[in-house]
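*Asks:* Handing you a structure now.
Read-outs: derived from the displayed coordinates by stated rules, not from any lab. Since the structure is predicted, the reported quantities are computational estimates derived from the model, not experimental observations. Cβ: placed from backbone, ideal geometry, glycine included. Neighbour counts: every protein chain shown.
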Amino acid sequence: MPSPVGHALGALLVTAPLRARYRLLGAGVTLAIVAAGTAPDLDLLMGRHSAETHSLGAALLTGAFGWMVLRARAAPQPAVMALMLAAAVLSHAAFDWLGTDTSAPIGIMALWPFSREYFESDAHVFMAVSRRYWLEEFWTYNLTVLARELLILGIPAAAVEWLVRRRRR
């Protein structure tokens, strides 16, 4: 499962077309997208990793809540922003689904609230991030994980960001 860096890059990558189309390119928008794309992992603090926060339901709830807040604040393009926030959360679930999971239950609860079943892809595009800081290979392993994510997501995200910013001019 990707690191927070991978999730942030993935969220920026999947929302790039909407950000470019509607010219939502400010630092606040970028920060909101990155926050939404990484927020599902806050469930680690509750001991329920890869459960409800890694699901279609969480993405829909995030989008609906975002739309209500943005609309109440008369923010520009609240529906588009809400869609991007939902897409960022959904990207987190998709990239974790494509990752290697080493902790039970294996996979993510992708279809919550419609199902409590856990799903994992056979593709294993992303390596599991180690949380075993006491092991000798902790840093070298996680740096390898990060390097792989930067190749898979960082290069395309940088290219897309460059195109998005270029279009802005």
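*Asks:* Would you kindly derive the ³J(HN,Hα) couplings of region 2-13 from the backbone phi angles with the Karplus curve 6.51 cos²θ - 1.76 cosθ + 1.60 (θ = phi - 60°), listing them in order in whole Hz, with x for Gly and Pro?
*Replies:* x, 7, x, 5, x, 5, 5, 4, x, 5, 5, 5
*Asks:* Name the residue, out of Ala72, Ala157, Ala88, whose mean-square fluctuation peaks in a Gaussian network model built on the chain with Cα pairs under 10 Å.
*Replies:* Sorting by GNM fluctuation, first place goes to Ala72.
*Asks:* Run through region 121-151 and list the trypsin sites (Lys or Arg not before Pro) located in a DSSP loop whose Cβ has at most 13 other Cβ atoms within 10 Å.
*Replies:* Counting only loop positions with at most 13 other Cβ atoms within 10 Å, the trypsin sites (Lys or Arg not before Pro) in region 121-151 are Arg131, Arg132.
*Asks:* Could you work out [θ]222 nm for the chain from helices alone, using -39500 (n - 2.57) per DSSP H run of at least four and dividing by all its residues? Round to the nearest 500 deg cm²/dmol.
*Replies:* After summing the helix terms and dividing by the residues of the chain, the value is -18000 deg cm²/dmol.
*Asks:* Considering amide H positions built from the backbone, and no H for Pro or chain starts, which residues 5 or more places from Trp112, or on another chain, come under 5 Å of its amide H?
*Replies:* Leu56, Gly57
*Asks:* Would you compute, for the Cα atoms of region 85-169, the largest minus smallest coordinate along each principal axis and list the three values in descending order, in whole Å?
*Replies:* 48, 41, 21
*Asks:* Work out the FRET efficiency for Leu45 and Gln77 from their Cβ-Cβ distance, taking R0 = 22 Å, and round it to the nearest 0.05.
*Replies:* Efficiency, from the Cβ-Cβ distance: 0.10.
*Asks:* Among Gly26, Gly63, Gly107, which one shows the highest mean-square fluctuation when the chain is modelled as a Gaussian network with alpha-carbon springs under 10 Å?
*Replies:* Gly26
*Asks:* Between the DSSP loop rule and a limit of at most 10 other Cβ atoms within 10 Å, which GluC sites (Glu not before Pro) in region 100-162 are left?
*Replies:* Answer in residue order: Glu136, Glu137.
*Asks:* Where in region 16-46 is the amide nitrogen less than 18 Å from a point lying 7 Å along the Cα-to-Cβ axis of Trp162?
*Replies:* 16-17, 20
*Asks:* Counting other Cβ atoms within 10 Å, which chymotrypsin sites (Phe, Trp or Tyr not before Pro) in region 72-169 have at most 13 and lie in a DSSP loop?
*Replies:* For chymotrypsin sites (Phe, Trp or Tyr not before Pro) across region 72-169 that sit outside H, G, I, E and B with at most 13 neighbouring Cβ atoms in 10 Å, the list reads Phe114, Tyr133, Trp134.
*Asks:* Taking only the Cα atoms of region 23-80, how large is their convex hull per residue, in Å³?
*Replies:* Spread over its residues, the Cα hull of region 23-80 gives 88 Å³ apiece.
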